[in-house]
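All remarks here apply to the structure that follows.
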Amino acid sequence: MRQLKVAACGLLALIFCSTLVFYTSLNQVDREQGQEKHPLVFYEDAMEQITVSRMVDVQRQNHLKNQCRIMNLSNDLNSVLRDQEFLSHVIVDEEHKLLYCYVPKVACTNWKRVLMVLMQKTNVTKVLDITASLAHSQNMFMKLINYTTPEVEHMLKTYTKFTFVRHPLERLLSAYRNKLQQNYESSRYFKQRYGRLIVRLYRPNASPEALEKGDDVSFQEFASYVSDTQLRPNEHWQPAAELCRPCAVNYDVIGKYESLKQDADFVLSHVSRDVRFPELPKPSMTNASLKSTLDALPELLLERLQQIYEADFRLFDYQPAL
């Protein structure tokens, strides 16, 4: 038993030292770019799990920074100070000094619910009891766009910044199902705004009913629209790299949908002993059917989608082929 305890302590020490090496090298890069990271101080008692999570996160950040250099993407913080789209996608929590850049279809509804509880914007104690419409209401949160440029620059340099990402094509399929297949309140808007247009552009000899309702769009038709359109994409399928500018903004945490609960609680351990991310009631069905859905697409269309999301694939270490 004593030998097991010694071995366990040795493993924890090794993990800690490895993380320290990763973190030191990462901070050196940040200082060279003129951005200091906000120190992460945790309330969580399970320090071994936090140390492992921190190592994983630092590896993700190192990968991202290397890809930013290889792809020659700007790391100029000044460029995001004028990016209205970026500024409108970053939620500000002044009390806990948090900045959250939300990416639609990457658990952003639940993140907004959690932030409502954390920021005491609701009396509801169960996160999942907060309605999605309330969490997404326009004036629920302050965003960077509501602040002056000097204030934004100060927050970006001193607050803890985090975002969550997902396999780009899984996110695209999730957006299609949520907005064009299902019957949520928001789905009606998307069928009217995008569904009818997609039918008109990509379905020869469409029926009058389909042109009127836009409620039977196929994934191939939707993918054709996403790959062909010259218009600015909707945020639900716009590349995460465009929304959150990860090469210019040094995120303290880059969470992934594939490890959502663990990564989210890693962030929350920094600011609260009590608030935790909700367990998903059921696993996502999107990932299970993604390969068969993509296999049914024409090869050239799939290649165009991969080109559109190339930065997301490379920066966040996802493989285009499943």
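The values are calculated or read from the model by the stated rules, or taken from the named source; none is laboratory data. Just so we're clear, the structure is a prediction, and the values are computed from it rather than from any experiment. Cβ sites come from the backbone with ideal geometry, for glycine too, and all protein chains shown count toward neighbours.
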#### Entry: Residues satisfying the stated conditions in the stretch 85-116, i.e. in contact with a helix residue (DSSP H, G or I) (Cβ under 6 Å, 6 or more places away or on another chain), in a helix (DSSP H, G or I) and closer than 21 Å to Arg276 by Cβ
Thr109, Lys112, Arg113, Val114
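The rows are residues; the columns are (1) closer than 27 Å to Gly195 by Cβ; (2) of a type outside the set (A, V, I, L, M, F, W, C); (3) in a loop (DSSP other than H, G, I, E, B).
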site: Ser137; (1), (2), (3): yes, yes, yes
site: Met140; (1), (2), (3): no, no, yes
site: Ile145; (1), (2), (3): no, no, no
site: Val152; (1), (2), (3): no, no, no
site: Lys157; (1), (2), (3): no, yes, no
site: Phe164; (1), (2), (3): no, no, no
site: Leu172; (1), (2), (3): yes, no, no
site: Asn178; (1), (2), (3): yes, yes, no
### Task
Return the pairs, sorted by first residue and then second, in which the second residue is among the small types (Gly, Ala, Ser) and part of a loop (DSSP other than H, G, I, E, B), the first residue lies in the stretch 105-124 and is at pLDDT 95 or above and surrounded by fewer than 22 Cβ atoms within 10 Å (Cβ to Cβ), the beta carbons are less than 8 Å apart, and the residues are 6+ apart or on different chains.
Leu118/Ser272
### Message
Quick test of your reading of the structure: Pro278 fulfils all but one of (1) over 26 Å from Ile145 (Cα atoms); (2) part of a helix (DSSP H, G or I); (3) in contact with a Leu (Cβ under 7 Å, 6 or more places away or on another chain). Name the failing condition by number.
### Response
(2)
## Note on the structure
Filtering the stretch 182-201 down to residues that are within 28 Å of the chain's Cα centre (by Cα) and either modelled with pLDDT under 95 or surrounded by fewer than 18 Cβ atoms within 10 Å (Cβ to Cβ) (or both) yields Gln182, Asn183, Tyr184, Glu185, Ser186, Ser187, Arg188, Tyr189, Gln192, Arg193, Leu197
### Query
Can you name the residue in the stretch 308-322 that is in contact (Cβ under 8 Å) with a residue 24 or more places away in the chain and in a helix (DSSP H, G or I) and is also farthest from Gln61 (Cα to Cα) among such residues?
Ile308
### Message
Restricting to the stretch 202-239, and then to whatever is among the polar types (S, T, N, Q) and outside any loop (DSSP other than H, G, I, E, B), can you tell me which residue is nearest to the chain's Cα centre (by Cα)?
### Response
Ser227
